[in-house]
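Heads up, the thing below is written out as structure tokens.
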Amino acid sequence: MFFEKISDEWKKSIEDGLKEILSCVDFPAITRTVPPKSELGDIAFPLFPYSRIARKAPDKIGEDLLSYFSSHEHPEGEMNVTGGYFNVKIDVRSFFAPLFAFVKEKGDEYGKNESMKDKKIMLEFSCPNTNKPLHLGHMRNDSLGEAVSAILKANGADVMKVNLINNRGIHISKSMLSYKEFGNGETPESTGEKGDHFVGRYYVLFANWEKQVNKEIDELRKDGREEEAKALEENHPDKRAQEMLRLWENGDKETLELWKKMNDWTISGLMESYEDTGISFDRIYYESDTYKLGKSEVLKGLEEGIFEREEDGSVQIDLKEINLDKKVLLRKDGTTIYITQDLGTAIKRHEDWAFDSLIYVVASEQAYHFKVLFYILKKLGYPWADGLRHLSYGMVNLPEGKMKSREGTVVDADDLVHELSELAKKEIYDKERENVLENVEETAHSIAISALNYYLLSVSPSKDMIFDPKKSISFSGNTGPYLEYMSARISSILRKAGERKEGFDPHLLTVEDEKTLIKLIDSYPSVVKEAGENLDPSLIASFLYDMAKTFSHYYHDNTVLGKDKDLMNARLCLSEAVLITMKNAFSLLKIPYLEAM
RNA sequence: GCGUUCUUAGCUCAGCUGGACAGAGCGUCGGACUUCGAAUCCGCAGGUCGUAGGUUCGAAUCCUACAGGACGCGCCA
């Protein structure tokens, strides 16, 4: 904001100065950087690129600029030339009074901007299956979805969060069949399990069952009992699941009833998890409603000659334009596949809500799918296809490698949240904070959520990340709870200060950390903007850590609530601005703000 | 085989629209609570920025090749 403005003015002035010194207009663009040491200044302009044109050493050009400015107007700031750089030192206190007034007036709104005003952005994330509970992989997806949506909103966009629940298909039939076979009529109510875990258990049971049958078949074959092996093969769980899917698609009443019952169990469990971790959606789509969409679109494209019908009857598109092979869009029996459905779903969504942009938050393993999907939609002539984007993120792995459900290494979301909450609770009792807190359970839960969200969001989305369940759940160092702790401390200081008089003298703030904090507060809106442009919450995370660390260093060495009332007042204003900024950044990363912890 | 992507300290990660000696956290070791909350702070040690070239006044950052890892290239989703 203020600093940026001054910096821009300096850039312009230096450009003018260089024009005169170099006596030409055509020279490399002026770049800015930050000096390595604060004593050198706040903005640095490298002069090396002009050395050749001027046939002078960079420092000499700097000297020329200094003498140029001695006779020309220049923005505020002290100048010096060192090591080929033209440095400017700015007294940031000069704008802290208006900055503070602005931050205070904006409050929760500080940091918001209108760079994406009038943009309608739909964001798809989560997309769980209804055959098992959420795991750590989903959590990265959900955290990213929520954070990106909050960041886009902060940039002024109109955001709609959507979820597509995969509630049909062979994997769903498997858990249904397994329940039918082994369920004995038990229900989540009768066993006291959460619905998604209940159904997930039957899905695992199916996998074991399948393994068992395969083993039996092998053994029969080994004994030469081919007839019996064949009989068993005929009745293989896989085959029966396929049959069940056919029944489902044909609308078999009994199958549909079972499907509906089990789906409701899972979905209510998933919703509970969402609620627990602060995930919400503006609209939920169900695959059972959308899976037939897209077929007519493909047939239309076929008529228009965009797609081709192969000899075997399937419909395909040739992707040589984007250096890929052919891709099937309709099976030879005329049924749709995954990408066909996604085509239809995208079109339906645009009919439902005419977005400018649709962002899919999906793991990087599906990059190919989205490349093809976007290409086809563009081919079909949808102008909004240019606004489609795949926010691709890396895998969450364990120190031993990939999470594998077969090996039981999948980190369950509910378990993880529970475990973290328990740890936080233990911490609270260890520190004997239980009497200070209004609600220990709630506070512990908030701490758990902050730890998770911050951990998952502080890594750049595109990168794979490693989650070590033992080490990753620490609450000290660069963690969510650390940030919460800092903000709670500031809030505690402000509470202790009580009422204070209007106005303050920013020039009393002479400590280096104070200067750094003012610059950080001032830069927050542009960080929000950058995070929005790059769809990258980790930028907010880095910002928050910088701010918290600077403040904690600052108030460790300096007393805010001192005897000098004027100094105290100035420092309180600074602390308050820091707190407002941190709180706003918290809300973008879904880190709960705690008055006390 | 082709494509996408990643490789920075013992570990987990920042830094990447090129700029002044490469930064944190964890872990190790050592300090700091009669003083605004020690979930904190300070210090020590720890790095050929995967390798080799190239572009440039200047490269962790851009380009190329190579090595290693991950993911993809289904009429699965």
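Some notes on this structure:
- Look at (1) over 22 Å from A:LEU144 (Cβ atoms); (2) modelled with pLDDT of 95 or more and you find that A:TYR482 fails only one, number (1).
- Residues in segment A:281-323 that are in a loop (DSSP other than H, G, I, E, B), closer than 30 Å to A:ASN129 by Cα and within 7 Å of RNA strand B (Cβ to nearest atom): A:SER314 only.
- Selection from segment A:96-124 of residues that are farther than 30 Å from A:HIS507 by Cβ and assigned to a loop (DSSP other than H, G, I, E, B): A:GLU114, A:SER115, A:MET116, A:LYS117, A:ASP118, A:LYS119
- The set of residues in segment A:22-46 being touching a Lys or Arg at 6+ places or on another chain (Cβ under 9 Å), of a type outside the set (Asp, Glu) and more than 7 Å from RNA strand B (Cβ to nearest atom) consists of A:VAL25, A:PHE27, A:ILE30, A:ARG32, A:SER38, A:ILE43, A:PHE45.
- Those residues of segment A:125-147 which are more than 17 Å from the chain's Cα centre (by Cα) and either outside any loop (DSSP other than H, G, I, E, B) or without any contact (Cβ under 8 Å) to a residue 60 or more places away in the chain (or both), in sequence order: A:ASN129
- Residue count for segment A:180-205 satisfying the condition of being of a type outside the set (Gly, Ala, Ser), in a helix (DSSP H, G or I) and more than 13 Å from A:THR266 (Cα to Cα): 6.
- Test: residue in segment A:172-190 that is open to solvent by 30 Å² or more (accessible area, probe 1.4 Å), of a type in the set (Ser, Thr, Tyr) and farther than 22 Å from A:CYS127 by Cβ: yes
- Pick from segment A:148-177, criterion of a type in the set (Gly, Ala, Ser) and within 14 Å of A:ASN263 (Cα to Cα), ranking: nearest to the chain's Cα centre (by Cα): A:GLY169
- Filter pass, A:ASN397 being part of a strand (DSSP E or B) and within 14 Å of RNA strand B (Cβ to nearest atom): yes
- One residue alone among A:LYS332, A:LYS371 is within 13 Å of RNA strand B (Cβ to nearest atom), open to solvent by 50 Å² or more (accessible area, probe 1.4 Å) and in a loop (DSSP other than H, G, I, E, B), and that residue is A:LYS332.
- Test: residue in segment A:455-471 that is open to solvent by 40 Å² or more (accessible area, probe 1.4 Å), in a helix (DSSP H, G or I) and not hydrophobic (A, V, I, L, M, F, W, C): yes
Yes/no per residue for (1) open to solvent by less than 20 Å² (accessible area, probe 1.4 Å); (2) within 7 Å of RNA strand B (Cβ to nearest atom); (3) assigned to a helix (DSSP H, G or I):
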| position | (1), (2), (3) |
| --- | --- |
| A:VAL328 | no, yes, no |
| A:LEU343 | yes, no, yes |
| A:ARG349 | yes, no, yes |
| A:TYR360 | yes, no, no |
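- Looking only at residues of segment A:482-507 that are buried (at least 16 other Cβ atoms within 10 Å of the Cβ) and more than 10 Å from RNA strand B (Cβ to nearest atom), we find that the one that is nearest to A:PHE96 (Cα to Cα) is A:PRO506.
- Residue under evaluation A:ILE376, criteria (1) within 16 Å of RNA strand B (Cβ to nearest atom); (2) under 22 Å from the mean Cα position of the chain (by Cα), criterion not met: (2)
- Extreme residue, modelled with the lowest pLDDT, among residues of segment A:374-399 that are open to solvent by less than 20 Å² (accessible area, probe 1.4 Å) and hydrophobic (A, V, I, L, M, F, W, C): A:LEU398
- Matching option when the condition is β-branched (Val, Ile, Thr), in contact (Cβ under 8 Å) with a residue 24 or more places away in the chain and near RNA strand B (Cβ under 10 Å from one of its atoms), among A:VAL560, A:VAL528, A:VAL511: A:VAL560
- Just one residue in the set A:ALA531, A:ALA596, A:ALA577, A:ALA585 is hydrophobic (A, V, I, L, M, F, W, C), closer than 27 Å to A:ILE447 by Cα and surrounded by fewer than 18 Cβ atoms within 10 Å (Cβ to Cβ); that residue is A:ALA596.
- Long-range neighbours under 9 Å by Cβ, at least six apart or interchain, first residue among the β-branched types (Val, Ile, Thr) within segment A:466-486, second surrounded by fewer than 16 Cβ atoms within 10 Å (Cβ to Cβ) and not in a helix (DSSP H, G or I): A:ILE466/A:PRO399
- Taking segment A:450-463 as the range and being more than 6 Å from RNA strand B (Cβ to nearest atom) and touching a strand residue (DSSP E or B) at 6+ places or on another chain (Cβ under 7 Å) as the test, only A:PRO461 passes.
- Set A:ILE428, A:ILE466, A:ILE447: member being near RNA strand B (Cβ under 9 Å from one of its atoms) and farther than 26 Å from A:PRO133 by Cβ: A:ILE428
The values are calculated or read from the model by the stated rules, or taken from the named source; none is laboratory data. No experiment lies behind these values; they were computed from the predicted model shown. FYI the Cβ positions are ideal-geometry reconstructions off the backbone, even for glycines, and counts take in every protein chain you see. Keep in mind that these areas ignore ligands, DNA and RNA; they rest on the heavy atoms of the full protein, side chains included. Shrake-Rupley method; radii C 1.70, N 1.55, O 1.52, S 1.80 Å.
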